[in-house]
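Peer 1: What follows is a single structure, and I will ask about it in a moment.
The values are calculated or read from the model by the stated rules, or taken from the named source; none is laboratory data. Since we're looking at a predicted model, the values are computed, not measured. With ideal geometry, Cβ positions are generated from the backbone for all residues, glycine too; neighbour counts draw on all protein chains shown.
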Amino acid sequence: MKTEGIEIEHMDFQRLNSELQSNLDLILEENVKLSRKIDTESLIPLITSIQHSERIFLIAAGRSGFALRGAAMRLMHHGLTVYFVGDTTTPAIKKGDLLIVASGSGTTASMVRAAEKAIAVGAKVVAITTAPESDLAKLAFHTVVIPAAGKQEFDGNNSKQYAGSLFEQFLFLLMDIVFQSLWKIQGTPAEVLWERHANLE
């Protein structure tokens, strides 16, 4: 059998196809299981902080950063002033602003430093992490705990996926949950939000 110009033996194809379905089932099952563990009440202070902040700053590294970039886009659609830390147009954070920091371990040095700097100027910090006793969590005004595996937890107890994959996947879903709730509270028609979507693509 040929797929995209690559020859795959029939038995290998069947085995690979079965493995792909198993992997899909695993990832979905782990995220559903995690959705039953997450303390949704812990999202309320995050939502109210977003509502009452002058500007929203988001920061995370690696794949967690991709998840928060997606969140930044949705919060912009919501009509908020949003910046992803590290972009060249991101201004200085100040009092009255909110910094949302995501770090699975809660010990990533650059994330901890960013939280410290934000607090020093009077901004609020909300941390999203797997580690409620971490340095980042201790600095934050509020912490949302995602009870997923950390990057160096290889025992498979919390996830059979590689490294911090489950945390990163669920971080994306969690921020979509937050956006969905903000949107329902505001009640703005989808057509109005769409007017804010990028039109220089």
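Peer 1: Gln51 fails exactly one of the following numbered conditions: (1) in contact (Cβ under 8 Å) with a residue 60 or more places away in the chain; (2) surrounded by 15 or more Cβ atoms within 10 Å (Cβ to Cβ); (3) of a type outside the set (Val, Ile, Thr). What is the number of that condition?
Peer 2: Going through the list (1) in contact (Cβ under 8 Å) with a residue 60 or more places away in the chain; (2) surrounded by 15 or more Cβ atoms within 10 Å (Cβ to Cβ); (3) of a type outside the set (Val, Ile, Thr), Gln51 breaks only (2).
Peer 1: So, in the range 23-48, of the ones that are hydroxyl-bearing (Ser, Thr, Tyr) and under 20 Å from Ala148 (Cα atoms), which residue ends up surrounded by the fewest Cβ atoms within 10 Å (Cβ to Cβ)?
Peer 2: For the range 23-48, the residue satisfying everything is Thr40.
Peer 1: Now, a different point. With the condition kept exactly as written, say whether any residue in the range 132-141 is over 23 Å from Val32 (Cα atoms) and in contact with an Asp or Glu (Cβ under 9 Å, 6 or more places away or on another chain).
Peer 2: Taking every residue of the range 132-141 in turn, at least one turns out to be over 23 Å from Val32 (Cα atoms) and in contact with an Asp or Glu (Cβ under 9 Å, 6 or more places away or on another chain).
Peer 1: Considering the range 99-124 alone, what residues qualify as being surrounded by fewer than 24 Cβ atoms within 10 Å (Cβ to Cβ) and assigned to a strand (DSSP E or B)?
Peer 2: Hit for the range 99-124 is Lys124, nothing else.
Peer 1: Of the residues that make up the range 102-114, is at least one touching a Ser or Thr at 6+ places or on another chain (Cβ under 8 Å), farther than 19 Å from Leu58 by Cβ and of a type in the set (Gly, Ala, Ser)?
Peer 2: No, the range 102-114 contains no residue that is touching a Ser or Thr at 6+ places or on another chain (Cβ under 8 Å), farther than 19 Å from Leu58 by Cβ and of a type in the set (Gly, Ala, Ser).
Peer 1: Is it the case that the range 87-94 has a residue that's part of a loop (DSSP other than H, G, I, E, B), under 22 Å from Trp183 (Cα atoms) and modelled with pLDDT of 95 or more?
Peer 2: No, the range 87-94 contains no residue that is part of a loop (DSSP other than H, G, I, E, B), under 22 Å from Trp183 (Cα atoms) and modelled with pLDDT of 95 or more.
Peer 1: Of these, Ala198, Ala163, which one is of a type in the set (A, V, I, L, M), farther than 22 Å from Arg55 by Cα and surrounded by fewer than 23 Cβ atoms within 10 Å (Cβ to Cβ)?
Peer 2: Of Ala198, Ala163, the one residue that is of a type in the set (A, V, I, L, M), farther than 22 Å from Arg55 by Cα and surrounded by fewer than 23 Cβ atoms within 10 Å (Cβ to Cβ) is Ala163.
Peer 1: Follow-up question, since we're still on this one. Within the range 76-84, identify whether any single residue is of a type in the set (S, T, N, Q), free of Cβ contacts under 8 Å to residues at least 12 places away in the same chain and more than 24 Å from Gln169 (Cα to Cα), and answer yes or no.
Peer 2: Taking every residue of the range 76-84 in turn, none turns out to be of a type in the set (S, T, N, Q), free of Cβ contacts under 8 Å to residues at least 12 places away in the same chain and more than 24 Å from Gln169 (Cα to Cα).
Peer 1: Any chance you could count how many residues in the range 151-171 are in contact with a Gly (Cβ under 6 Å, 6 or more places away or on another chain), at pLDDT 80 or above and either part of a helix (DSSP H, G or I) or among the basic types (Lys, Arg) (or both)?
Peer 2: Within the range 151-171, residues that are in contact with a Gly (Cβ under 6 Å, 6 or more places away or on another chain), at pLDDT 80 or above and either part of a helix (DSSP H, G or I) or among the basic types (Lys, Arg) (or both) number 1.
Peer 1: Which numbered condition in (1) surrounded by 15 or more Cβ atoms within 10 Å (Cβ to Cβ); (2) among the charged types (D, E, K, R); (3) more than 19 Å from Leu193 (Cβ to Cβ) is the only one that Arg74 fails?
Peer 2: (3)
Peer 1: Can you tell me which of Ala123, Ala131, Ala114 is in contact (Cβ under 8 Å) with a residue 24 or more places away in the chain, out of contact with any helix residue (DSSP H, G or I) (no Cβ under 8 Å at 6 or more places or on another chain), hydrophobic (A, V, I, L, M, F, W, C) and over 27 Å from Gln186 (Cα atoms)?
Peer 2: Ala114
Peer 1: Consider the range 40-56. How many of its residues are of a type outside the set (A, V, I, L, M, F, W, C) and in a helix (DSSP H, G or I)?
Peer 2: Residues that pass the stated criteria total 7.
Peer 1: Another question, if that's okay. Could you identify the single residue in Ser159, Ser64, Ser103 that is in contact (Cβ under 8 Å) with a residue 24 or more places away in the chain, in contact with a Leu (Cβ under 7 Å, 6 or more places away or on another chain), among the polar types (S, T, N, Q) and over 19 Å from Glu30 (Cβ atoms)?
Peer 2: Being in contact (Cβ under 8 Å) with a residue 24 or more places away in the chain, in contact with a Leu (Cβ under 7 Å, 6 or more places away or on another chain), among the polar types (S, T, N, Q) and over 19 Å from Glu30 (Cβ atoms) holds for just one of Ser159, Ser64, Ser103, which is Ser103.
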